[in-house]
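Asker: Please read through the structure below; I'll follow up with questions.
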Amino acid sequence: MSDLPNGKALAKCYYIEEDNKYSLNQRICKIHIKNDKIINPKYLFYLLNRNPYYLKFDDGVNQTNLKKDDILNINLNIPSKDVQDKNAHILTLIDKIINKELSKLDSLNSLKKGLMQNMFV
């Protein structure tokens, strides 16, 4: 995992819903859950996404390059599977609400832009 100084890609996670629907390059790390009876993959996604442990490697000046050991040495507190399932479900619902509202905001911004262009014709 690597990024430019103060970049927005460092420690940014993306949850893949389907197998074999993605590609990786040298700047991307794939984390695969071996036993989803112990760890809810979606919960792990929320736990790792922009995690402060990974973000602390960014010094704001140099390109950040995390080594495999840097990635694997994170210390995570993992609650019971039931708690993980509940939290992942709630966070997923919140993300859906946020995305819906962002879509509305984009539509309103487009409408505003159109109205502003008509004002100066």
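Asker: Being within 13 Å of the chain's Cα centre (by Cα) and among the hydrophobic types (A, V, I, L, M, F, W, C) is the filter here; which residues of region 32-81 pass it?
Answerer: L44, F45, L47, L48, L55, listed by residue number.
Asker: Another question, then. Step by step: first the residues of region 37-60, then only those that are assigned to a loop (DSSP other than H, G, I, E, B) and out of contact with any helix residue (DSSP H, G or I) (no Cβ under 9 Å at 6 or more places or on another chain), then the one that is farthest from N77 (Cα to Cα). Which residue is that?
Answerer: Among residues in region 37-60 that are assigned to a loop (DSSP other than H, G, I, E, B) and out of contact with any helix residue (DSSP H, G or I) (no Cβ under 9 Å at 6 or more places or on another chain), the one farthest from N77 (Cα to Cα) is G60.
Each reported figure results from applying straightforward, stated rules to the coordinates on display, with no laboratory input. Just so it is clear, the model here is predicted, and its values are computed rather than measured. FYI the Cβ positions are ideal-geometry reconstructions off the backbone, even for glycines, and counts take in every protein chain you see.
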